[in-house]
1. Tell me, which residue of the stretch 73-88 that is hydroxyl-bearing (S, T, Y) and within 12 Å of the chain's Cα centre (by Cα) is least open to solvent (accessible area, probe 1.4 Å)?
2. Confirm whether Q110 is open to solvent by 80 Å² or more (accessible area, probe 1.4 Å), in a strand (DSSP E or B) and in contact with a strand residue (DSSP E or B) (Cβ under 9 Å, 6 or more places away or on another chain).
3. Can you name the number of the only condition in (1) touching a Phe, Trp or Tyr at 6+ places or on another chain (Cβ under 9 Å); (2) open to solvent by 60 Å² or more (accessible area, probe 1.4 Å); (3) under 14 Å from Q96 (Cα atoms) that V5 fails?
4. Condition test on V5, is it among the β-branched types (V, I, T) and touching a helix residue (DSSP H, G or I) at 6+ places or on another chain (Cβ under 9 Å)?
5. Take the stretch 20-54 and flag every residue that is touching a residue at least 40 places away in the same chain (Cβ under 8 Å), more than 14 Å from the chain's Cα centre (by Cα) and within 12 Å of S98 (Cα to Cα).
6. Is it the case that A91 is surrounded by fewer than 20 Cβ atoms within 10 Å (Cβ to Cβ) and among the aliphatic types (A, V, I, L, M)?
7. State yes or no: is A68 over 21 Å from S115 (Cβ atoms), open to solvent by 30 Å² or more (accessible area, probe 1.4 Å) and aliphatic (A, V, I, L, M)?
8. Among the numbered criteria (1) open to solvent by less than 40 Å² (accessible area, probe 1.4 Å); (2) within 13 Å of the chain's Cα centre (by Cα); (3) among the aliphatic types (A, V, I, L, M), which single criterion is violated by I57?
Amino acid sequence: QVQLVESGGGLVQAGGSLRLSCAASGGIFRIDAMRWYRQAPGKQRELVTAINRSGNIDYAESVKGRFAISRDDAKNTVYLQMNSLKPEDTAVYYCQASINFRDYWGQGTQVTVSS
């Protein structure tokens, strides 16, 4: 059974940094795109960033220059380095991955940025 497990969320002051990790496990033979989404209270879930198998990356305008996605295919893990965090980055962050030609979601990890 494929699972995605996120870690690394927490409380940080504005201007600080956090690094999220999302590890996939369970019968994996192929991982295509890996993505990070976030959902703030009262708002729709939004795509933050994505990386495909070739390493091509896209970012939402709101995080460009501050966030960086990377992946380690040997570890079936995707990372999100978040720098210069702002209060408006506060949200539950979810990883999503296309694994074995199906989409899977992690359980989410809370990121809270205090002003």
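The values are calculated or read from the model by the stated rules, or taken from the named source; none is laboratory data. Model, not experiment: these values are computed from the prediction. Note that we place each Cβ from the backbone using ideal geometry, even for glycine, and neighbour counts take in every protein chain shown. The area values use the complete protein model at the heavy-atom level, side chains included, leaving out ligands, DNA and RNA. Shrake-Rupley method; radii C 1.70, N 1.55, O 1.52, S 1.80 Å.
1. Taking the stretch 73-88 and keeping what is hydroxyl-bearing (S, T, Y), we get 77, 79, 84.
Adding the requirement that they be within 12 Å of the chain's Cα centre (by Cα) leaves 77, 79.
Details: T77: 12, Y79: 34 Å².
Ranking the candidates gives T77 first.
2. Answer is yes for this residue.
3. Of everything listed in (1) touching a Phe, Trp or Tyr at 6+ places or on another chain (Cβ under 9 Å); (2) open to solvent by 60 Å² or more (accessible area, probe 1.4 Å); (3) under 14 Å from Q96 (Cα atoms), V5 misses just condition (1).
4. Spelling it out, it is not the case that V5 is among the β-branched types (V, I, T) and touching a helix residue (DSSP H, G or I) at 6+ places or on another chain (Cβ under 9 Å).
5. Residues satisfying the conditions are I28, F29, R30, I31, D32.
6. no
7. Yes; evaluated as a whole, the condition is true for this residue.
8. Only one criterion in (1) open to solvent by less than 40 Å² (accessible area, probe 1.4 Å); (2) within 13 Å of the chain's Cα centre (by Cα); (3) among the aliphatic types (A, V, I, L, M) is unmet by I57, namely (1).
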